[in-house]
Amino acid sequence: SWSEIVPQVDFINLMTYDFAGDWTGHSGHNANLYAPSDSKLDGGLSIDEMIKRLEHKYSVPADKIVLGLPFYGQHFFTAHMGDSFTDAASKVVAEVNYYEVAPLLGNKDWKGFWDSGAQVPYMERIGGTHSISYDDPKSIGIKCDYAVKEDLKGVMIWNMGADVVGEKTPLLDSVCKSLAAGTMSMSASGLAKSVSTFVSLVKESYGKLQAAQAKLAAAGKTEEAKAADPENIPDLTIPDT
């Protein structure tokens, strides 16, 4: 009951992601801001629709809503975004962090797209049954601008560290730029805790990718399983210094 919840809390973190998965019957956007341009990509959800529903149907004030920003996406085993799941293998969905998507950007084996309706990107593997829905710096910036325009309480991120690419954090930088946020220092203990959490999430992600590959192999899709091989997990040993 929103009418009872709202007076009791300072803010509400709205998890505006996971809009598509094995339950949707087809691949689709993970966190589209608006309805997709192509109806076959529409899973029936959008961030704008969720915000408007909370405000107008349930009388949740905008200044208590915190917009969720995903630093991860969904990897579908379909040739094109919006394709229906035809069997158990194509129904497999693997969560991918931005740092896993970033190396594929500009790769000749992948083609990138921008959905002008949904205001989010996605990519498809050329000649292969792989499509990925994700957020990039542009879409994250647009969502931050939306939060400001709609007078929301702010934004929250799931999850910190998922956009670390080399020495850069492209998605976090986009948030800071859009919201004109200043820099702040982090204690050594806080940094160590963040790194430890990051390592756990990486291991979990690799486990999911390996499970997805195993399902493809079990379904007899040898080529797809080979293409989905996450290879060896990187050295995640945390230095004592």
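A few points about this structure:
- For segment 84-169: lysine pairs under 25 Å (alpha-carbon distance), excluding those fewer than 8 apart on one chain: 11
- Beta bridge orientation in the chain: antiparallel %, DSSP, nearest 5: 70 percent
- Estimated from helices alone, the mean residue ellipticity of the chain at 222 nm is -10000 deg cm²/dmol (sum of -39500 (n - 2.57) over DSSP H runs with n ≥ 4, per residue).
- Around the amide H of ASN97, modelled in the peptide plane, lie the amide H atoms of GLY73, all under 5 Å away and 5 or more residues distant in sequence or on another chain.
- A probe of 1.4 angstrom, applied to the heavy atoms of all protein chains, finds GLU204 with accessible area near 100 square angstrom.
- Rounded to the nearest Hz, the phi-derived 3J(HN,Hα) couplings of segment 40-57 under the Karplus curve 6.51 cos²θ - 1.76 cosθ + 1.60 (θ = phi - 60°) are 6, 8, 7, x, x, 10, 7, 4, 4, 5, 5, 4, 5, 5, 4, 6, 8, 8, where x marks glycine and proline.
- Residues whose amide H falls under 5 Å from that of TRP110, counting only those 5 or more places apart or on a different chain, are ILE126, with hydrogens built in the peptide plane.
- Entry for volume of the Cα convex hull per residue in Å³ (calculated from the structure that is shown) out of [x] 170; [y] 147; [z] 110: [y]
- Gaussian network model of the chain, Cα within-10 Å springs - most flexible of ALA219, ALA62, ALA20: ALA219
- Within a straight-line Cα-Cα reach of under 18 Å, LYS64 can be paired with the following aspartates and glutamates, leaving aside sequence neighbours fewer than 8 residues apart in one chain: GLU4, ASP10, ASP48, GLU49, GLU55, ASP145, GLU150, ASP151.
- Take the chain with all the other protein chains still there, run a 1.4 Å probe, and you get 53 Å² of accessible area per residue.
- Here the accessible area is traced with a 1.4 Å probe on the protein chains. For segment 1-139, carbon and sulfur cover 52 percent of it.
- Gain in span if fully extended, VAL6 to LYS193, counting 0.36 nm per residue against the direct Cα distance: 64.1 nm
- Computed 3J(HN,Hα) for segment 193-199, one whole-Hz value per residue from the Karplus formula 6.51 cos²θ - 1.76 cosθ + 1.60 where θ = phi - 60°, is 5, 5, 5, 4, 5, 4, 4, glycine and proline marked x.
- Residues whose placed amide H lies under 5 Å from that of GLY68, excluding near-sequence neighbours: LEU14, THR16, MET156
- Spatially proximal aspartates and glutamates relative to LYS203 (Cα-Cα < 19 Å; intrachain offsets below 8 disregarded): GLU95, GLU100, ASP163, ASP229, GLU231, ASP235
- Segment 36-86, Rg to Rh (Cα coordinates; Rh as Kirkwood inverse mean 1/r): 1.09
- Hz values of 3J(HN,Hα) by residue in segment 4-17 - Karplus curve (6.51, -1.76, 1.60), Gly and Pro given as x: 8, 6, 3, x, 8, 10, 7, 7, 10, 7, 8, 7, 8, 6
The values are calculated or read from the model by the stated rules, or taken from the named source; none is laboratory data. Model, not experiment: these values are computed from the prediction. These area figures cover heavy atoms from the full protein model, side chains too; ligands, DNA and RNA do not enter into them. Shrake-Rupley method; radii C 1.70, N 1.55, O 1.52, S 1.80 Å.
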